[in-house]
Every structure is written in structure tokens, then in C-alpha cells.
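These notes are about the structure you will find just below.
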Amino acid sequence: MSHPQFDDTIFEAASGLFTLLSTPIRLKIICAVCDGEKNVGELLQQIETTQPNMSQHLSALLKAGVLLRRREGNQMYYRLQSERVATLCRAVCTQVASEFDASQDIASTNRLIPVTLR
């Protein structure tokens with residue numbers, strides 16, 4: 001099987017996306033808005049953090065184009081810009097969850113996470 005040739009731009013862009021998604025709270029935010037838009041109060045009910053910390057992570061996701069927001073009265077509502085990010089996060093988190101499931105027998109060559117991180 002041949003592998004496509006990628007130039008440095010592709011690897012840099014992928015690395016940037018993984019860096020953006022490398023914070024657990026950002027993954028939680030993406031997961032929370034998968035079911036529809038949420039305001040900051042609703043996100044804070046689902047995700048244990050401070051309001052300033054939540055705002056910082058929402059700002060990073062907005063700046064990167066992962067989220068969109070809209071104002072309704074004095075509330076800001078956040079939603080996904082693209083379902084593709086949710087699909088990527090869901091795929092990785094589902095795979096990692098299966099690797100933490102002791103009943104799953106996954107060969108080390110098929111693991112995303114090293115056994116030492118479990």
C-alpha cells in the first residue's frame with residue numbers, strides 16, 4: 001500500500017490542529033456543543049472550570065475557526081463551525097476509551113496510546 005506524499009505545510013497544519021485539541025477542556029467543549037449550541041452558563045454546568053478559563057478556551061477555539069458564536073440578548077451561544085472536528089474528536093476519544101476498557105483485547109500495534117499512559 002502506498003502512502004500519499006505530504007509536504008511540510010500539511011504536517012504543520014495537522015500539528016497545529018493537534019496542538020489546539022491537546023487540551024482536555026477544549027475536547028470537552030467540542031463534545032458539549034456536538035449536540036447543539038450552548039451558552040457559557042450551560043458549558044460551565046457540564047465542564048468543571050472557572051468562567052475566565054472557559055472564556056480563554058472558547059476564544060482559542062473561535063480564533064482557530066473551530067467554533068462560531070452568536071449573541072442573543074446578553075448571552076453568547078457557541079456551536080461547531082464544522083462537523084469534521086467533532087468527527088475527529090469522537091473517533092479518537094472512542095478509540096482511546098476502548099483502550100481503557102479492560103475487556104478489549106487490542107494488539108499493541110493497533111493502539112493509539114501507549115500502555116504506560118493507561
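Miscellaneous remarks
- Condition met for Gln45 (in a loop (DSSP other than H, G, I, E, B) and loosely packed, with under 12 Cβ neighbours inside 10 Å): no
- Condition met for Thr50 (without any contact (Cβ under 8 Å) to a residue 12 or more places away in the chain and over 13 Å from Ile30 (Cβ atoms)): yes
Conditions tested, residue by residue: (1) at negative phi; (2) modelled with pLDDT of 95 or more; (3) touching a Leu at 6+ places or on another chain (Cβ under 7 Å).
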position	(1), (2), (3)
Ile10	yes, no, no
Gly16	yes, no, no
Ser22	yes, no, no
Gln46	yes, yes, no
Pro52	yes, yes, no
Ala64	yes, no, yes
Leu67	yes, yes, yes
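- Selection count, segment 76-90, where residues are in contact with a helix residue (DSSP H, G or I) (Cβ under 7 Å, 6 or more places away or on another chain) and under 15 Å from Leu27 (Cβ atoms): 5
- Taken over segment 4-24, the residue count meeting the criterion of being touching a residue at least 24 places away in the same chain (Cβ under 8 Å) and charged (D, E, K, R) is 0.
- Per-region count, segment 60-115, residues of a type in the set (Gly, Ala, Ser), part of a helix (DSSP H, G or I) and open to solvent by 50 Å² or more (accessible area, probe 1.4 Å): 3
- Tally, over segment 48-58, of residues that are surrounded by 12 or more Cβ atoms within 10 Å (Cβ to Cβ) and either part of a helix (DSSP H, G or I) or of a type in the set (Asp, Glu) (or both): 6
- Here Asp35 meets the list (1) part of a loop (DSSP other than H, G, I, E, B); (2) touching a strand residue (DSSP E or B) at 6+ places or on another chain (Cβ under 9 Å) almost entirely, failing just condition (2).
The values are calculated or read from the model by the stated rules, or taken from the named source; none is laboratory data. Note that this is a predicted model, so its numbers are computed, not measured. Cβ coordinates were reconstructed from backbone atoms using ideal geometry, including for glycine residues, and neighbour counts include every protein chain displayed. Surface accessibility is based on the protein's heavy atoms, side chains included, excluding ligands, DNA and RNA. Shrake-Rupley method; radii C 1.70, N 1.55, O 1.52, S 1.80 Å.
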